[in-house]
Amino acid sequence: MRGARDEPVVVDVQRDVRDTKLGVRVHDVRELSSTPGPGVLFVPYTSFKRKLDLIKRFLGKETAKMPIIFDESHKATNLKTAVGGCVAQFLEEHKDQLHVTFFSATFATSVKDLELYSSLVGLTGCDGGYGTFEKLRDATKTKGGEEATLEFLSAELVRRGRLISRTLAFDGVEFEEHSVKLDDTWRAQHDAAA
């Protein structure tokens with residue numbers, strides 16, 4: 001199952017599934033009135049709450065742990081919205097049935113965005129390094145700022161296979177390489193930062 005933010009993303013999902021050569025069909029939940037057969041269930045966040053019963057029936061047909069991919073996952077992190085709350089409740093109720101992976105070029109815009117999925121990816125909870133989200137949030141208040149913390153956490157989740165983060169393509173970009181001699185002050189700053 002794949003949750004996504006934007007409607008046109010279904011085309012990207014179909015391309016991704018085709019490129020993996022899995023040979024499965026992509027079912028767009030917006031076009032379904034009954035539970036589909038095997039394949040990938042595409043669920044835009046805007047349809048999540050409205051199609052929740054169908055999503056649960058789709059999961060109920062599976063005996064193995066169901067992979068669920070949240071595309072543009074940073075867009076579903078506001079737990080105070082109806083959709084965010086619905087997604088959070090669904091994930092909590094079905095966490096033993098799911099293997100959750102998040103797709104996003106923007107993993108999170110702030111540490112508070114991690115609240116939705118920190119326990120699902122092993123950052124908090126029994127298996128995580130921090131017992132609660134509050135402990136994670138407090139521990140990540142660093143002198144370097146949230147950006148450094150988020151980069152570190154993003155790299156760790158990628159390493160664990162719990163986050164797939166695409167970067168911008170540089171096709172057609174031209175550049176020139178220049179060697180620049182650094183003085184001792186710049187070299188010392190670099191060495192201190194590295």
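Numbers below:
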{"read-out": "Integer Hz, Karplus 6.51/-1.76/1.60 couplings in order for segment 112-125, x for Gly and Pro", "value": "4, 5, 7, 4, 4, 10, 4, 6, 6, 9, x, 7, 10, x"}
{"read-out": "Long-range amide H partners of residue 68 with built H, under 5 Å", "value": "99, 100, 101"}
{"read-out": "Accessible-area value, residue 81, 1.4 Å probe, nucleic acids and ligands omitted, Å²", "value": "60"}
{"read-out": "Which listed pairs, of 49/135; 21/49; 95/135; 21/95; 21/112; 51/135, have C-alpha distances above 32 Å, in listed order", "value": "21/112; 51/135"}
{"read-out": "Difference of contour (0.36 nm per residue) and Cα-Cα distance, residue 94 to residue 135", "value": "12.4 nm"}
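The values are calculated or read from the model by the stated rules, or taken from the named source; none is laboratory data. It should be emphasised that the depicted structure is a prediction, and the values quoted were computed from it without experimental measurement. Note: areas computed on protein heavy atoms with side chains; ligands, DNA, RNA excluded. Shrake-Rupley method; radii C 1.70, N 1.55, O 1.52, S 1.80 Å.
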